[in-house]
Structures are given as structure tokens and as C-alpha cells.
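S.K.: Below is a structure I'd like to ask you about.
Every number here is computed from the coordinates shown, using simple stated rules; none is lab data. Note that the structure is a prediction, hence the values are computed from the model and not measured. Heads up, the Cβs are rebuilt from the backbone with ideal geometry, glycines too, and the neighbour counts pull from every protein chain shown.
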Amino acid sequence: MTFVDILLEPPSYGWQDETGEAVQPSNGEIIRECLRRMNIFKSRKNFLAFFGWFEVLCLVPFFVIFFVKYFSIPLLIGAFVYGMICMGTHGTIWYHRYCTHRAYTFKNKFWMFITRNLVIKVVPEETYVVSHHVHHCKSDQPGDPYNAHLGFLYCFLADTNHQQISQSLSREDYPRVAALLKDTGVVPNTYEQYLYWGSIAHPARVIANWIFNWIFWFGVFALIGGLPLAFALFAGAAVWAVGIRTFNYEGHGKGKDKRTKGTDFDWDDRSINQKWPGYVAGEWHNNHHLFPKSARSGFLPHQIDLAWVYVWILSRIGGVSSYNNSKKEFLEKYYWPYQEKAKEEKAPKQEKTVKHKEAVRV
């Protein structure tokens, strides 16, 4: 058993069967597991699983009030841009490239704090980061917390069912797991607190960060555009909070092999480069799986990468002290060799066509 095998708490239906194949739970089993894990009355250790969907529930009134009372086309466009682009890009900047993969480093805690709270907060770092390390090690394999092969619902409820840290970590292993959240602003529990709460982050700190973040951004939006703008942008955040739970299912071909030669270059898993997540959030997913520690995943001219733009700007104004950019390595190792091979394969066909035309003339 490796370190990555002890990180997450297995669901009641398990990760794999006696033959080593991934367990395919029924939708009923997935829903029952979700309800069990969100039951904070049964166990305080279910806090993070409960809190993720509690935040979504708290966003619903903003969504409803916006459409009932404040709806307008300009505000709808604003909500769309905020939810899809601002929230999406921040997810890539913060949770994905920094918290999980440390693709860049901040000069100091000030810039880390600013980036952490750059948008409305709806995902605790612990929920995302620890499980994402497992995802990269076991992508599309048994134990992958959001294995697309096991269906939409398996991925959609993964934050509840599959992303909780192990509840049986030893005193020696717990600090190693907690270190995965080092320098993310999360103050880790002591081992005794972990045994009590079942998490790295203390619930009081998670709640405090959430409350202050929401108060700040609602106030800022209200000052800029009044209550209509505030409700509109929080409504956009609500859409993103639900939509992000569908991403990995889509980003891994819905469990099918949808990789395309010349577009996708990582053939170790079924991640794919999709234009929509790429353009709105810089999430060129196949490129990312190929170079997970790169602060840039939009390597080709058409692959717009807004997350990389943010990191690059911060590096120019002194907020980011260093970063990894794997574009050159991608081009030299994968893209240019592919282009050369494509030309070589095309040349004999062209030569054969020319000879055929000459024969016809004769």
C-alpha cells in the first residue's frame, strides 16, 4: 500500500472488488452513501461533506431572487461571465494549479490571501486538494474518486462520497496528509483535533472564512451596482457551484475514449482537451494531465489560458516569485514530433497521387 492509498476514506461500496476491478455502485447505493456522509447529526466528522452542499443551498435564494425580482439581460450576462469565467478561472488558478500542484509560488502571504479570496468561496480547500492528488495517481482506475467510467452520478456526488480524508490515519501519517494543504491558508488541526473532527481543517475556521468572504463580496458588488448586481453575481456563483461537479465526468469523455490525435497527447488516461473549459477557465485538461505542475496548460496558439494570464501578470508585478511553464517541453516532446510524423505520413500519399496523375497523362 502506497501513501496515496491511505489518503481517502473508502465509500461503503468500496473502490474495487476482489478481482481488482472498480466497483460499479448503483445509483441507489450512491445516493444512500451521499445521505449517510452528509448526516452531521450522526457524526460531526461528516461536516465537510455536509458543508459543501450547504453552501450550494445557501446560494439558491440568491438565484431565485435574482430571476424573480432583479432579472435583466445585462445582469444575466454579468452573472454568466462571473460564474463561467471568473469563478471557473479562479478554480484553475487557486485549487488546481496552486493548492494541489504548486505550479507557482507567491512572494508572500498577502498575495496568497488575495488569490484565495479572489471570488465568492464555495469549495473548502481540503475537499478538493487531497482527493485531486489521488485522482492524478489513479486517473480512470479503481480508487479514482471521480472515475468517469462509473457514471455521471458517481462523479457528481464525488465531493460527498469519495473525497473525505481517511478517518484512520496514524499519528505518523496525519502530518504527511496535512502537509498537502501547507501554504494554502488552511491552519491544520492537531492530531487530537483530527480524531475529533475527522478533518484537517477545523470547522470553525472553514465557517469563518466562508462568512467573511461572502459578506465582503456581497458588500463590494452592492456598492458597485446595488442589490441587483449582488444577487446576479451570487446567482452566477450558484450555477458554477453545481456545474463544477460535472466537470471531471465531461473532462474524461463521460467514461468513453474521446481523445483525438493531434489534439490530445496524453494517452495514459482518458482526459481530453475541451474548448469550452479551456476558453472560460484555462482548463485544457489533457494538457494538464500531461504536465500537472505547469502554471500554463494552454500550449497552442488557439488554447487561450486565462488562469496563466493571471499568474503571468502577478509575476510581473511581484506577486508571484516563480512558476513552471511547460509549453516549450510540450512542443519539443509532443507537438513538433507529431507534426513531423504527420508530414512524413502525408508525403508518400502525395507522391503516389502525383505518379498516378502522370500515368494517366501518358
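S.K.: Below 8 Å between Cα atoms, with a sequence gap of 6+, how large is the relative contact order for region 3-325 in percent? Before the final figure, lay out each step's value.
M.R.: Working: 493 pairs, mean separation 85.2, N = 323.
Taking the mean separation of contacting Cα pairs over the length of region 3-325, I get 26 percent.
S.K.: Run through region 183-281 and list the chymotrypsin sites (Phe, Trp or Tyr not before Pro) located in a DSSP loop whose Cβ has at most 15 other Cβ atoms within 10 Å. The partial results should precede the final answer.
M.R.: Details: sites: Tyr191, Tyr194, Tyr196, Trp197, Trp210, Phe212, Trp214, Phe216, Trp217, Phe218, Phe221, Phe231, Phe234, Trp240, Phe247, Tyr249, Phe265, Trp267, Tyr279; in loops: Phe265, Trp267.
Hits after loop and neighbour filter: Trp267.
S.K.: When the Karplus curve 6.51 cos²θ - 1.76 cosθ + 1.60 is applied with θ = phi - 60°, which whole-Hz ³J(HN,Hα) does each residue of region 215-222 get, with x for Gly and Pro?
M.R.: In residue order, the calculated couplings are 4, 4, 6, 5, x, 4, 5, 5 Hz.
S.K.: List the residues, sorted by chain then number, that are 5 or more residues from Leu8 or on another chain and whose placed amide H is less than 5 Å from its amide H.
M.R.: Residues meeting the amide H criterion: Ser166.
S.K.: Counting other Cβ atoms within 10 Å, keep those with at most 13, restrict to DSSP loop, and tell me which trypsin sites (Lys or Arg not before Pro) in region 223-256 are left. Please list the in-between numbers first.
M.R.: Values: sites: Arg245, Lys254, Lys256; in loops: Lys256.
Loop-located and lightly packed - Lys256.
S.K.: OK, next. Reported to two decimal places, what Rg/Rh ratio describes region 64-202 when computed on Cα atoms with Rh from the Kirkwood expression? Working shown, then result.
M.R.: On the way: Rg = 17.6 Å, Rh = 17.1 Å.
The Rg/Rh ratio comes out at 1.03.
S.K.: How do 95-106, 73-84, 32-43, 295-306 rank on mean C-beta neighbours within 10 Å, highest first? Could you put the intermediate results ahead of the total?
M.R.: On the way: 95-106: 22.2, 73-84: 17.3, 32-43: 15.7, 295-306: 19.8.
Going by the mean number of other Cβ atoms within 10 Å, highest first, we get 95-106, 295-306, 73-84, 32-43.
S.K.: Additional query: Hey, what do the phi angles of region 196-204 turn into as Karplus ³J(HN,Hα) couplings, whole Hz, using 6.51/-1.76/1.60 and θ = phi - 60°, x for Gly and Pro?
M.R.: 7, 9, x, 8, 7, 8, 6, x, 4
S.K.: While we're looking at this one, here's another question. Suppose every Lys and Arg Cβ carries +1 and every Asp and Glu Cβ carries -1, with no other charges. What dipole size does region 114-261 come out with about its Cα centre, to the nearest 20 debye? List each step's numbers first, then the result.
M.R.: Details: 13 positive and 11 negative charges, 81 e Å.
Its charge dipole is roughly 400 debye.
S.K.: Still on this structure, please answer the following. So what is the relative contact order for region 1-132, in percent, with contacts set as C-alpha pairs under 8 Å and at least six apart? Spell out each step's value before the answer.
M.R.: Values: 55 pairs, mean separation 31.6, N = 132.
Computed value for region 1-132: 24 percent relative contact order.
S.K.: Which ³J(HN,Hα) values, rounded to whole Hz and listed in residue order, are derived for region 171-188 from phi using the Karplus coefficients 6.51, -1.76 and 1.60 in 6.51 cos²θ - 1.76 cosθ + 1.60 with θ = phi - 60°, glycine and proline given as x?
M.R.: 4, 7, 7, 4, x, 5, 6, 4, 5, 5, 9, 4, 6, 9, x, 7, 8, x
S.K.: How long is the gain from Glu332 to Lys261 if the chain were fully straight, where each residue apart is worth 0.36 nm and the alpha carbon distance is subtracted? Walk me through the numbers on the way to the answer.
M.R.: Numbers: separation 71, 0.36 × 71 = 25.56 nm, distance 1.65 nm.
Computed gain between Glu332 and Lys261 is 23.9 nm.
S.K.: While we're here: From the residues Tyr98, Leu35, His302, which one has its Cα farthest along the dipole of the chain in the positive direction, the dipole being from +1 and -1 charges on Cβ of Lys/Arg and Asp/Glu about the Cα centre?
M.R.: His302
S.K.: Output the direction-averaged projected area (hull surface divided by four) of the convex hull of the alpha-carbon atoms of region 15-103, in nm². Don't jump to the answer; show the numbers that get you there.
M.R.: Numbers: hull surface 39.4 nm².
Projected over every direction and averaged, the Cα hull of region 15-103 covers 9.8 nm².
S.K.: For the residues Ile6, Ile317, Ile244, what sequence is obtained by ranking on other C-beta atoms within 10 Å, fewest first? The partial results should precede the final answer.
M.R.: Numbers: Ile6 16, Ile317 9, Ile244 19.
Ranking Ile6, Ile317, Ile244 by Cβ neighbours within 10 Å, fewest first, gives Ile317, Ile6, Ile244.
S.K.: Ordered by packing density, taken as the mean number of other Cβ atoms within 10 Å over each peptide's residues, highest first, how do 125-138, 53-66 rank? Write out the running numbers ahead of the final one.
M.R.: Working: 125-138: 20.8, 53-66: 17.1.
So the peptides 125-138, 53-66, ranked by packing, come out 125-138, 53-66.
S.K.: From the C-alpha coordinates alone, can you work out the Kirkwood hydrodynamic radius of region 193-290, in Å?
M.R.: Working: mean 1/r = 0.0599 Å⁻¹.
One decimal place: 16.7 Å for the Kirkwood radius.
S.K.: Semi-axes of the equivalent ellipsoid of the chain: what are they in whole Å, largest first, if each equals the square root of 5 times a C-alpha gyration tensor eigenvalue? Walk me through the numbers before you get to the answer.
M.R.: Numbers: eigenvalues 283, 147, 91 Å².
Computed over the chain, the values are 38, 27, 21 Å.
S.K.: Next question. In Å, what Kirkwood hydrodynamic radius results for region 87-144 from the alpha-carbon pair distances?
M.R.: About 12.3 Å, per the Kirkwood formula over Cα pairs.
S.K.: Relative to the Cα centre, what is the charge dipole magnitude of the chain, using +1 at the beta carbon of each Lys and Arg, -1 at the beta carbon of each Asp and Glu, and rounding to the nearest 20 debye? All intermediate terms of the calculation are to be shown ahead of the outcome.
M.R.: Working: 40 positive and 32 negative charges, 217 e Å.
Rounded to the nearest 20 debye, it is 1040 debye.
S.K.: Another question about this same structure. Suppose R0 equals 56 Å; then what is the FRET efficiency for Thr190 and Glu344 from their Cβ-Cβ distance, rounded to the nearest 0.05?
M.R.: On the way: r = 61 Å, r/R0 = 1.09.
It comes out at approximately 0.40.
S.K.: Can I ask one more? Taking K and R as +1 and D and E as -1, what net charge do the other residues with C-beta under 11 Å from the C-beta of Trp210 add up to?
M.R.: Result for the local shell: +1.
S.K.: Report the net charge of residues surrounding Ser166, where surrounding means a beta-carbon distance below 9 angstrom and charges are Lys +1, Arg +1, Asp -1, Glu -1.
M.R.: On the way: positive: none; negative: Glu9, Asp173.
Cβ neighbours under 9 Å give a net charge of -2.
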